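The values are calculated or read from the model by the stated rules, or taken from the named source; none is laboratory data. Computed from a predicted model, the values in this text were never measured in an experiment. Because the Cβ atoms are built from the backbone with ideal geometry, glycine has one as well, and the counts that use them run over all protein chains shown.
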Amino acid sequence: MNKVVKFGGSSLADATQFKKVANIINSDKSRRFVVPSAPGKRFKEDTKVTDLLYQAYNAKDQDTFKKTFDLIKKRYQDIIDELKLDCSLDKEFEVIEKAFTDKIGIDYAASRGEYLNGIVLANYLGFEFIDASEVIFIDENGNYDPEKTDPILSKRLSTVKNCVIPGFYGSLNDDSNTIKTFSRGGSDITGSIVARNGHVDLYENWTDVSGFLVADPRIVKNPDTIATITYKELRELSYMGASVLHENSIFPIRNEGIPIQIKNTNRPEDEGTLIVETTCHKPDHVITGIAGRQGFATISIEKDMMNSEIGFGRRVLQVLEDNQLSFEHTPSGIDTMNIIVEANSFIDHEQQILAGIHRAVQPDSIELESDLALIAIVGRGMKDGRGTAAKVFTALAKENINIKMIDQGSSELNIIVGVKNVHFKNAIRAIYHTFIDEEKKSGFN
Ligand code: ASP
């Protein structure tokens, strides 16, 4: 058995956390490939090293730069001192300071958090350090380039027993030797790329929570943890706002069948959440998770005989495309078409879009509503089951919540309901209560 272990910023925020990480790695020989983030927050008001790096790079004057840069240096020096490591980053900091002064690039600046943490961690563990810029290649849009990366990285990994590869960055795939990062939180993606090319059996992603929760704990008190979730369910929930893992981390391993286990560095005994391609494991409940987002708007277009007008939908959607606006859903009736869009992006182009729709399809009327929240009820357990939608609607009706929109894809993996923003939290609580609390009481499973 071989594993990749990725540790997030809070897991490596100071020397105490480093010790926990080393214990985890040393307790299991199969944990061969280690991917660290930069040191994160040690306490609530603290600043992540990555944010300090951005601030230092963008500093308006030398004084601010120096202050911020010194803070960064101190973060690492404290770790080195407390762990009594025989390791100096002085030379590294000289090079970095010069590169900052030469304005070598914001991605280079941000990547140094992981780079330096990788050096320190490799030293502490006695593992080989592999600079991600030599083995991971990223295109200019921030996507990993498998063609260039895979042969180089898999060859390199086959030659090492253990190693530390910093997360979040690689080189631009144009042979210019420029450092390029993924989007924020991108060390999760590095973990997946290393998992794929190290041909491992498991990718453990260590963070500061014990896995994915069935619902947002800021809305539902003490929600259950999801034991097993499929990639598809996770995509749905992440898209709707559940964030533990970077949403692009699934892609590198989607076709490799490598599961991801979310684990808590501060509570390693907790089982966490296992993310798999597919599973026969019966879910604990009919639904796996509930997630939602506020801030959507609905454009309702009415026109008599719309249903027989060929190309109507295409012409409407063309207007959105012309205005570079993506849409979320398009529930429609016989003579109505509703388009749900993100309110903030819509408002910027509102009048152009309305005029465009009038020109394109000459509707009888267009109405707008802008305070919509969408809630996704996701679960592989719904497929072919009966009564899930009825239960959602009953739960909301009992709370006097009007449903403004319903959407269920034919994959039967989710039901999406739209409610007014003001009902958002109550709706999630009501659904959680019906599917989790009530099911537990009635002895489901
Ligand atoms: N350190 C980077 C960030 O804060 C990347 C990561 O932690 O995954 O976004």
Q) Take the residues of region 203-243 that are assigned to a loop (DSSP other than H, G, I, E, B) and among the hydroxyl-bearing types (Ser, Thr, Tyr): which is nearest to the chain's Cα centre (by Cα)? A) Ser243
**Q.** Where a residue in region 228-245 is over 15 Å from Val276 (Cβ atoms) and its partner, wherever it lies, is surrounded by fewer than 19 Cβ atoms within 10 Å (Cβ to Cβ) and among the acidic types (Asp, Glu), with Cβ under 7 Å and at least six apart
**A.** Ser238/Glu247; Tyr239/Glu247
**Q.** Complete set of residues in region 11-49 that are in contact with a strand residue (DSSP E or B) (Cβ under 9 Å, 6 or more places away or on another chain) and within 13 Å of the ligand (Cβ to nearest atom)
**A.** Ser11, Leu12, Val35, Pro36, Ser37
Q. In this structure, does Pro252 turn out to be surrounded by 15 or more Cβ atoms within 10 Å (Cβ to Cβ), at pLDDT 90 or above, in contact with a Pro (Cβ under 8 Å, 6 or more places away or on another chain) and closer than 30 Å to Ala13 by Cβ?
A. yes
Q.
Considering only region 98-119, I want to know if a residue exists there that is within 19 Å of Lys3 (Cα to Cα) and not acidic (Asp, Glu).
A. yes
Q.
For region 344-365, give me each residue that is surrounded by 17 or more Cβ atoms within 10 Å (Cβ to Cβ) and either aromatic (Phe, Trp, Tyr) or more than 17 Å from Asp322 (Cα to Cα) (or both).
A. Phe346, Pro363
**Q.** Count of region 360-386 residues which are without any contact (Cβ under 8 Å) to a residue 40 or more places away in the chain and either over 31 Å from the mean Cα position of the chain (by Cα) or assigned to a helix (DSSP H, G or I) (or both)
**A.** 1
Q) What residue, of Gly191, Gly170, Gly142, is among the small types (Gly, Ala, Ser), in a loop (DSSP other than H, G, I, E, B) and either over 30 Å from Ile375 (Cα atoms) or within 16 Å of the ligand (Cβ to nearest atom) (or both)? A) Gly142
